Amino acid sequence: MNESIFDLTGQVAIVTGTSRGLGQYFARALAKAGADLVLTSRKRETLAPFEAEMKALGRRTLTLELDVRNHESIQKMAADAVAAFGQIHILVNNAGCNIRKPALDVTWDDWNTILDTNLRGSFFVAQAVARGMIEKGYGRIINIGSVTSVAGYAGLAPYGASRGGIRQLTMSLADDWGKFGVTVNCLAPGWFRTEQNKVLYENKEWLDYLVDRIPVKRPGQPHDLDGAVVFLASEASRYVTGQTLLVDGGISTGATRATVPAKSA
Ligand SMILES: NC(=O)c1ccc[n+]([C@@H]2O[C@H](COP(=O)([O-])OP(=O)(O)OC[C@H]3O[C@@H](n4cnc5c(N)ncnc54)[C@H](OP(=O)(O)O)[C@@H]3O)[C@@H](O)[C@H]2O)c1
């Protein structure tokens with residue numbers, strides 16, 4: 001038995017949206033810290049290769065179908081997870097989407113897709129999973145936000161609204177559920193290359209501009225999120241709730257936005 005306050009041995013984590021991208025980074029970090037995993041996708045069969053990788057680490061796994069835009073699907077996922085494992089200790093509310101467009105081109109349907117998935121979906125997944133956590137008197141909920149939870153970006157109006165909402169939702173749920181032993185925090189990644197944004201990274205001019213704005217001078221790499229997710233999932237963060245932890249190489253500081261001339265005139 002590892003006595004570390006970061007040890008997750010014997011704990012069960014649901015990570016939503018684990019068919020690709022950051023969801024897999026989060027799940028892998030939790031599994032390496034000892035957690036067993038519930039993995040989800042709208043297409044369950046797409047989870048097979050990642051599930052095999054997690055099993056090879058010696059973890060128990062369960063794959064479930066989940067569409068966070070469908071209330072019944074959310075409730076079924078939460079019930080099936082509890083039926084299989086008895087108790088869920090950790091939820092990483094990661095499933096999400098984005099549509100990048102100038103604000104004037106955003107349609108009614110674009111708005112609904114983004115807000116329904118990222119904000120309404122995260123709330124109802126948290127609600128469904130928190131019921132069991134509250135019964136057991138223990139839970140760690142980690143809502144995935146973004147640097148857009150705290151800063152505005154052109155072309156990301158509905159997405160930023162959904163992520164700002166996640167930050168606010170995190171504070172409200174923390175206040176609601178703290179007395180039941182459930183902490184709720186927001187992990188807000190900066191810029192990480194995934195399926196969701198890979199076209200941006202293929203544009204060298206954009207990438208140079210991005211890197212110039214990041215104080216540590218590089219985009220995020222998969223393992224950059226490991227420490228934050230394990231911290232928020234573990235005993236180490238027991239007195240931390242309602243907070244937003246930015247893991248963004250410092251871009252949210254805005255420090256590199258202005259071009260400062262070498263010598264002032
Ligand atoms: N990449 C970044 O730089 C970055 C930065 C900050 C925050 N984020 C956020 O982090 C999360 C993961 O991002 P990512 O870049 O890894 O995105 P991604 O590669 O597009 O993956 C998104 C995941 O969400 C799932 N998903 C999408 N719509 C869903 C729905 N209606 N119901 C259930 N699952 C759904 C997808 O699963 P299926 O398609 O298999 O169902 C997929 O596994 C998102 O919430 C994103 O907004 C990303």
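Here, each number is a calculation from the coordinates, and none is a lab measurement. Everything numeric in this text was worked out from a predicted model, so none of it was measured. Cβ sites come from the backbone with ideal geometry, for glycine too, and all protein chains shown count toward neighbours.
Restricting the stretch 33-54 to residues that are within 15 Å of the ligand (Cβ to nearest atom) and part of a loop (DSSP other than H, G, I, E, B), which is nearest to K76 (Cα to Cα)?
R42
Looking only at the stretch 170-221, count how many residues are within 30 Å of Q87 (Cα to Cα) and not charged (D, E, K, R).
Number of matching residues: 17.
Considering only residues that are touching a helix residue (DSSP H, G or I) at 6+ places or on another chain (Cβ under 9 Å) and among the hydroxyl-bearing types (S, T, Y), look in the stretch 39-69 and name the one that is surrounded by the most Cβ atoms within 10 Å (Cβ to Cβ).
T40
Would you confirm whether or not the stretch 161-172 contains a residue that is in contact (Cβ under 8 Å) with a residue 12 or more places away in the chain, out of contact with any helix residue (DSSP H, G or I) (no Cβ under 9 Å at 6 or more places or on another chain) and not hydroxyl-bearing (S, T, Y)?
yes
What helices (runs of 4 or more DSSP H) lie completely within the stretch 138-254 and have 2 or more residues being at negative phi and over 19 Å from the mean Cα position of the chain (by Cα)?
157-177, 198-201, 204-213
Against the conditions (1) among the aliphatic types (A, V, I, L, M); (2) in contact with a helix residue (DSSP H, G or I) (Cβ under 8 Å, 6 or more places away or on another chain); (3) more than 14 Å from the ligand (Cβ to nearest atom), where does M77 fall short? Just the number, please.
The failed condition is (3).
Matching residues to (1) more than 10 Å from the ligand (Cβ to nearest atom); (2) farther than 29 Å from Q87 by Cα; (3) surrounded by 20 or more Cβ atoms within 10 Å (Cβ to Cβ):
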| position | (1), (2), (3) |
| --- | --- |
| S122 | no, no, yes |
| A126 | yes, no, yes |
| V129 | yes, no, yes |
| I134 | yes, no, no |
| Y138 | yes, no, no |
| A154 | yes, yes, no |
| P158 | yes, yes, yes |
| A161 | yes, yes, no |
| I166 | no, no, yes |
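Out of the residues in the stretch 168-190 that are among the small types (G, A, S) and near the ligand (Cβ under 10 Å from one of its atoms), which is farthest from K101 (Cα to Cα)?
A188
Look at the stretch 168-182 and say how many of its residues are surrounded by fewer than 22 Cβ atoms within 10 Å (Cβ to Cβ) and among the aliphatic types (A, V, I, L, M).
Number of matching residues: 3.
May I ask you to list the residues in the stretch 40-63 that are acidic (D, E) and touching a Leu at 6+ places or on another chain (Cβ under 8 Å)?
Selection gives E51 alone.
Are any residues in the stretch 55-74 assigned to a loop (DSSP other than H, G, I, E, B), within 11 Å of the ligand (Cβ to nearest atom) and not aliphatic (A, V, I, L, M), and if so, which ones?
D67, R69, N70
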